[in-house]
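Everything below concerns the one structure shown next.
The values are calculated or read from the model by the stated rules, or taken from the named source; none is laboratory data. Please read all numbers here as calculations on a predicted model, not as lab measurements. Cβ sites come from the backbone with ideal geometry, for glycine too, and all protein chains shown count toward neighbours. The accessibility values were calculated without ligands, DNA or RNA, using every heavy atom of the protein model including side chains. Shrake-Rupley method; radii C 1.70, N 1.55, O 1.52, S 1.80 Å.
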Amino acid sequence: MVKGKETGGTGWTGKTGGVGEATEVVRKRLGTLKPRVAIVLGSGLGFLADEVVDPIRIAYSAIPGFPEPGVAGHKGELVAGKLEGVPVIVQAGRFHLYEGHSAATAGLPARVFGELGIEILIVTNAAGGVRRTFPGGTLMLIADHINLMWRNPLAGPSQPGEQRFPIMHHCYDSALRLLARTVARDLGIALEEGVYVALLGPSYETPTEVRMLERLGADAVGMSTVPEVLVARSRGIRCLGFSIITNPGAGITGEALSHEEVLAVSEQVARRLSVLLKGILARLILG
Ligand code: HPA
């Protein structure tokens, strides 16, 4: 596959998206390491990749089909090693649909993780608060999502190892969510729980759109995460997700929000989230 080739539209690249080639490159670099958990880092959480013990760093430029990430504050590498004794592979830098990437490209790392045999996918993101009681700085466990991206990485020919019609009930694993709430309580970390809605972006929402999202049942709004979760669910991978609420959604406080504010708040809350993630990994019972 041509590196970074996009066809737009349905997001289907017309091939298997280069999953096999990308996986081969990553597998070779991992050697004997078998990651069991993959963690996708949202903006502000990049430092967690530096905490991986005995890291194997694989730059996106070395992986066929992985474009260079285009958002400031997002790196472009996979980092594999151990966190709290658990073999992990960390994705530092995502491919957003608003950058013009297809849903298939956004979901490609998750497909590679699936081929590598990971059992759990942990996703993190920055999001705007839709629930009126969520101030900037709130940490939210994702209970469920609404896909308003109008794109799906599973569209196109069915891929080996993936269900054609994945069931989306319990999309975010109940047992993992219970573990997250328990660890948060034990560590004294405030953790809300709610529904994440994904929009295409890159414009933030209008106040009327935020009111609409509230009526649809959303608690937080962002522009990522759903493509990789859809891929993971089609492969039977258990998912756990967290949103860092960086700002109240447009129109909730009457103040205009800025991308700088989003980055600054996500960096602060990311410290708390990283403590929570490590607490969860330390208590994870893998099958
Ligand atoms: N809307 C969408 N995405 C976001 C926001 C927001 O208000 N804040 C951070 N990511």
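At a glance:
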| quantity | calculated |
| --- | --- |
| Among beta bridges that DSSP assigns inside the chain, antiparallel share in %, nearest 5 | 35 percent |
| Rg [Å, one decimal], Dmax [Å, integer] - the chain, C-alpha atoms | 17.6, 54 |
| In order through segment 223-231: 3J(HN,Hα) via Karplus (6.51 cos²θ - 1.76 cosθ + 1.60), integer Hz, x for Gly, Pro | 10, 8, 6, 4, x, 5, 5, 4, 4 |
| FRET efficiency, residue 169 to residue 98 (Cβ-Cβ, R0 25 Å, nearest 0.05) | 0.30 |
| Sites residue 264 and residue 158 - FRET efficiency at Förster radius 35 Å, r taken between beta-carbons, to 0.05 | 0.25 |
| Pairwise label distance in nanometres, residue 285 with residue 256, each label 7 Å out on the Cα-Cβ vector | 5.3 nm |
| Average accessible surface area per residue within the chain, 1.4 Å rolling probe, Å² | 41 Å² |
| Residue-wise HN-Hα coupling along segment 110-116, computed from phi with Karplus coefficients 6.51, -1.76, 1.60 (Hz; x: Gly, Pro) | 5, 5, 5, 4, x, 5, 6 |
| The chain: relative contact order as a whole-number percent, Cα under 8 Å and 6+ apart | 25 percent |
| Relative contact order (percent, whole number), segment 128-287, Cα cutoff 8 Å, 6+ residue spacing | 39 percent |
